[in-house]
Amino acid sequence: MTHDAKHAVPAPIQKTLPIVGSDERFPVRRIYCVGRNYVAHVREMGGDETRDFPLIFQKPADSVVQDGDVVPYPPKTDNFHFELELMVVMKSGGYNIPEDEALSHVFGYGICLDMTRRTLLDTPDGPRLPWELKKSFDHSAPLGPIYPVEQVGHPSSGSIRLEVDGVAKQDSDLNLMIWRTPEIISTLSRYFSLEPGDVIMTGTPDGVGPVLPGNVLVGSIDTLGTLTVTIGEPAVASAA
Ligand code: MN
């Protein structure tokens, strides 16, 4: 099949993100996520280990929600949580990237939300089950504008803060990440070939909690602006 062959069904739309100070857009290839990466959040989730192997999962690239858009309340939960995180986006990569070379593959940074069905209704649950149903659903990845490295360097400390309807819910500092950005990139690259367009969510600090339709979420990280989304009415009629 040649690349200009007709598709049998409509081709997926490539999600892209705005780049601050540029007319170009950043095409999203994959969204990797790291869980349990701030000690205080590990503890609020009932854990006590601080240096376990990082918990790694993915969200589908078509789950991206743009800054300013609506996140429909998802089906099969009554406990829909925000997790505000530092986003790292890649301009290059490959396998087996050494830690001391990792940052040279970073295109830029931004703010993201790892929206989570913390509780699943009428669904088997347990530590042995994969996280897709809780993490990898439609509209689960609000991603903010990208700030290129040339503008902001490599943020490793600074305020990370989320407000819901103007009330602070998460208020921490990037320097409390257990696995630092170079370690995350190096570790991921031992299992996956990182490629241009890859996005990495680096884990959330403590203070996660539930939201409801109508809530307005505003995340901010020092030097990386803000990310705003509104929780919308249920995506499908409630038939839990
Ligand atoms: Mn997370």
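The values are calculated or read from the model by the stated rules, or taken from the named source; none is laboratory data. Just so it is clear, the model here is predicted, and its values are computed rather than measured. When we count neighbours, we look across all protein chains shown, and the Cβ atoms used for this are built from the backbone with ideal geometry, even at glycine.
Numbers below:
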read-out: The range 161-216 - residue that is of a type in the set (Val, Ile, Thr) and more than 21 Å from Gly68 (Cα to Cα) and, of those, surrounded by the most Cβ atoms within 10 Å (Cβ to Cβ); value: Ile185
read-out: Selection count, the range 56-77, where residues are part of a helix (DSSP H, G or I) and surrounded by 20 or more Cβ atoms within 10 Å (Cβ to Cβ); value: 1
read-out: Index of the failed condition, Val28 passing every other in (1) under 17 Å from the mean Cα position of the chain (by Cα); (2) aliphatic (A, V, I, L, M); (3) surrounded by fewer than 13 Cβ atoms within 10 Å (Cβ to Cβ); value: (3)
read-out: Lone unmet requirement of (1) away from the ligand (no atom under 13 Å from the Cβ); (2) in contact with a helix residue (DSSP H, G or I) (Cβ under 6 Å, 6 or more places away or on another chain) for Thr204; value: (1)
read-out: Whichever residue in the range 120-131 is touching a residue at least 40 places away in the same chain (Cβ under 8 Å) and surrounded by 12 or more Cβ atoms within 10 Å (Cβ to Cβ) and, among such residues, is nearest to the ligand (Cβ to nearest atom); value: Trp131
read-out: Selection within the range 91-113 - in contact with a Leu (Cβ under 8 Å, 6 or more places away or on another chain) and within 22 Å of Tyr38 (Cα to Cα); value: Tyr109, Gly110, Ile111, Cys112, Leu113
read-out: Test: Arg25 is more than 16 Å from the ligand (Cβ to nearest atom), touching a strand residue (DSSP E or B) at 6+ places or on another chain (Cβ under 9 Å), at pLDDT 95 or above and basic (Lys, Arg); value: yes
read-out: The listed residue being of a type outside the set (Gly, Ala, Ser), in contact with a strand residue (DSSP E or B) (Cβ under 7 Å, 6 or more places away or on another chain), more than 16 Å from the ligand (Cβ to nearest atom) and touching a residue at least 60 places away in the same chain (Cβ under 8 Å), out of Asp138, Asp198; value: Asp198
